[in-house]
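*Asks:* Here it is, the structure in full.
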Amino acid sequence: MIDNNNKTKKEKLRDKGQFWTPDWIADAMVAYVSQGAEVVFDPGVGKGSFYTALKKLNRKVKFYGTDIDSEVIEEAKTEGIFDNLCKLEVRDFILNPPQRLFKAIIANPPYIRHHRLSVEFKNHFRILSLRLLGVVLDGRAGLHIYFLIQALDLLDKGGRLAFIMPADTCEGVFAKKLWNWVSKKFCIDGVITFEHGATPFPGVDTNAMIFLISNNAPKSKLKWIKCLIPQNIELLNLLKNNLVGDDFSNLIIHERDLTEALKVGLSRAPRKNHDFEFTLADFAYVMRGIATGANEFFFLTRKRADEIGIPDGFLLSAVGRTRDMEGSYLTKESISELEKKGRPTLLFFPNGSLWENMPRTVKNYINEGEKLGFHKRTLISTRQPWYRMEVRKIPLFLFAYLGRRNTRFIRNSAGVVPLTGFLCVYPRSTDSEYINKLWIILQHPDTISNLRLVGKSYGSDAIKVEPRALENLPISKQLVDEVGLKPINITAKPLPLFNLDEQTFGLCG
C-alpha cells in the first residue's frame, strides 16, 4: 500500500529541493569557509545546519542566511536553531540576490531538476549564465547550478565557497561550459566524493559531492578526496587544516592535475589513461528507446489489449522497465513470462493505417484517449496525428539506461522494441560473426566498469548513461584485439538494420 502522507511529504521536498545537511558534513564545510571570515553567508539557509555548525566552531564569526521559504525559517526559530546573533532574510537568491560580496559562502542549494522549473525561471537562468559565463547553459541544468554561479559572482577576492551538490554538477551536458568558466576564473581547491556507504543522504537518489572553491588565481593542482565512512571526523580535521595532510585511514586523498580532473570528470577517480583508441561508436550506434508520452495509454498488457479488442496488427511486442529484465538475454520465453505476470508487453502502434480503414475497436480506443486528454500532453501534442507512435528499428542489443545492475547490456533475442527505460544499440554490421564478437566485448567486466567513465552517478550506486555518452564508452584495445573485432568507418551512413517485417512495420514513415 502507498503511504500517501509520506508520498506527499517527499513530493513537497522535491518541489522545494530541500534535503537537510547532516551535522558531520556541515561541520567540515564550515571549517573550510570560515577561516579568516567575518561573516558566513548561506543563500539557502533552510533549518540552519550550517549556522548550528558555526556556533560549535566559532561564535565570533557572524552569520547571514537567506531562504525563499519563510515557513521553514519560522520552524527553525521555534525549534531554537536560530537566535539573535544571526541575520535572516526571506529572499529569492536567484531573482533578488544580496547586493554585496562575501568572504565566506556555504550552501546545500535546493536540488530542483529542470522539468520542475517554471519558464520564468529558465528565462532568467539564460540571462544569468550569458551575463556571467558568456554562454547559455543547456536547459537541463537544475536550480542548484545557478545557485553556484550566482554565489561565485558574490564571492569576494580571497574568499572561500563550499557547496554540497549532486554529481550531475560535473557530469551533466552543461558541465563542460560551467567548469571551463569556474576553472579559469577561480581556484578549485578540492572536491570531496563519497563511498556508497558513506553518502550524506542515505535513501536519496543522488550522488552528493562537496566543491571547495576560492576566489584566488587558478592553480594547476587540486585535492581530490573520497570519504570512505559516514560520520567521518577525519574530514573535519582535513578541512580545518586547509586540506593539508595525508595520514588518514578513512579518506583517500589525491593531488590531482586540474586538466586531467576536468577531462575525466571531477566526480570520477583520477585516471592516467583517458585517451582510448576505441569507443563503442567505432562498432555500433545508439538511440534512446521509444518515448510514448503516456505509457498508461500506449503500453498495454495482453489482457487489456484483448479486452479492448485491438488486433495484433496494431500492436508491437515491447519492453518498458529494466526491473522486468533478468539476466543478459531477452527471449520470447521471457516475454511470455512477463505476460503471465500481468506486465505490459504490447505497444499500441496504429502507424500506417488510415482512419477510415481502422477497425471500430481501434477508433473507439483512440476516441477514449482523446476524452481523457492524452492528445493535449506536451510530447504527444507534437505528433500528427497525436496517436502516431515513434519508430525504432528492432535493436539487437538493449542497454539499461539507468540502473544498478552489473549486466547492463541485454541481447534482444525476442525481437522487441524498447521504451525509454532502455537504449537501442545497433551494431554497424549485420555479419553474424561481427555481432557475436561485439556481444563478447559488451559483456566483458572491463567494458562494464568503463561505464563509470561516461555515465552520470546517482544514489545507491546507480549510473545513468545517455545515448551519446554510451557511444563514447571506452573499449579496451587489448579486448578488441583478443576477439578480432575490426572498427567500421563511422562516417559511413548507418546500415538499415533489423527492420520489422513489412506487414507490421513497412508502412511507418
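The values are calculated or read from the model by the stated rules, or taken from the named source; none is laboratory data. Being a predicted model, the structure only gives us computed values, none of them experimental. All Cβ positions, glycine included, derive from the backbone under ideal geometry; neighbour counts span all protein chains shown.
*Asks:* Say we look at segment 161-191 and pick out the residues that are among the aliphatic types (A, V, I, L, M) and not in a strand (DSSP E or B); which of these is surrounded by the most Cβ atoms within 10 Å (Cβ to Cβ)?
*Replies:* 167
*Asks:* When only residues in segment 431-475 that are in a helix (DSSP H, G or I) and among the basic types (Lys, Arg) count, which is surrounded by the fewest Cβ atoms within 10 Å (Cβ to Cβ)?
*Replies:* 468
*Asks:* For segment 376-430, which strands (runs of 3 or more DSSP E) that fit wholly inside it have 3 or more residues that are closer than 21 Å to residue 299 by Cα and in contact (Cβ under 8 Å) with a residue 24 or more places away in the chain?
*Replies:* Counting at least 3 such residues, we get 397-400, 422-427.
*Asks:* Which condition from (1) under 21 Å from the mean Cα position of the chain (by Cα); (2) closer than 24 Å to residue 203 by Cβ; (3) without any contact (Cβ under 8 Å) to a residue 40 or more places away in the chain is the one that residue 263 breaks?
*Replies:* (2)
*Asks:* Please work out if residue 206 is hydroxyl-bearing (Ser, Thr, Tyr) and either modelled with pLDDT of 95 or more or part of a helix (DSSP H, G or I) (or both).
*Replies:* In short, no.
*Asks:* Still on this structure: Out of segment 127-177, which residues are of a type in the set (D, E, K, R) and over 24 Å from residue 64 (Cα atoms)?
*Replies:* 131, 138, 140, 168, 171, 176, 177 - these are the residues of segment 127-177 that are of a type in the set (D, E, K, R) and over 24 Å from residue 64 (Cα atoms).
Yes or no, residue by residue, for (1) in contact with a strand residue (DSSP E or B) (Cβ under 6 Å, 6 or more places away or on another chain); (2) touching a residue at least 24 places away in the same chain (Cβ under 8 Å); (3) assigned to a helix (DSSP H, G or I):
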{"site": "306", "(1), (2), (3)": "no, no, yes"}
{"site": "317", "(1), (2), (3)": "no, yes, no"}
{"site": "323", "(1), (2), (3)": "no, no, yes"}
{"site": "326", "(1), (2), (3)": "no, no, no"}
{"site": "337", "(1), (2), (3)": "no, no, yes"}
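*Asks:* Going by the conditions given, is residue 271 part of a loop (DSSP other than H, G, I, E, B) and either of a type in the set (Lys, Arg) or farther than 30 Å from residue 374 by Cβ (or both)?
*Replies:* Here the answer is yes, as residue 271 does meet what is asked.
*Asks:* A further question follows. Which one of 236, 243, 266 is touching a strand residue (DSSP E or B) at 6+ places or on another chain (Cβ under 9 Å), over 30 Å from residue 351 (Cβ atoms) and at pLDDT 95 or above?
*Replies:* 243
*Asks:* Mind checking whether some residue in segment 34-53 is buried (at least 17 other Cβ atoms within 10 Å of the Cβ), β-branched (Val, Ile, Thr) and touching a strand residue (DSSP E or B) at 6+ places or on another chain (Cβ under 6 Å)?
*Replies:* Yes, that holds for at least one residue.
*Asks:* Among the residues of segment 192-203, which ones are crowded, with 18+ Cβ neighbours inside 10 Å and not in a loop (DSSP other than H, G, I, E, B)?
*Replies:* If the condition is that a residue be crowded, with 18+ Cβ neighbours inside 10 Å and not in a loop (DSSP other than H, G, I, E, B), then 192, 193, 194, 198 are the ones that fit.
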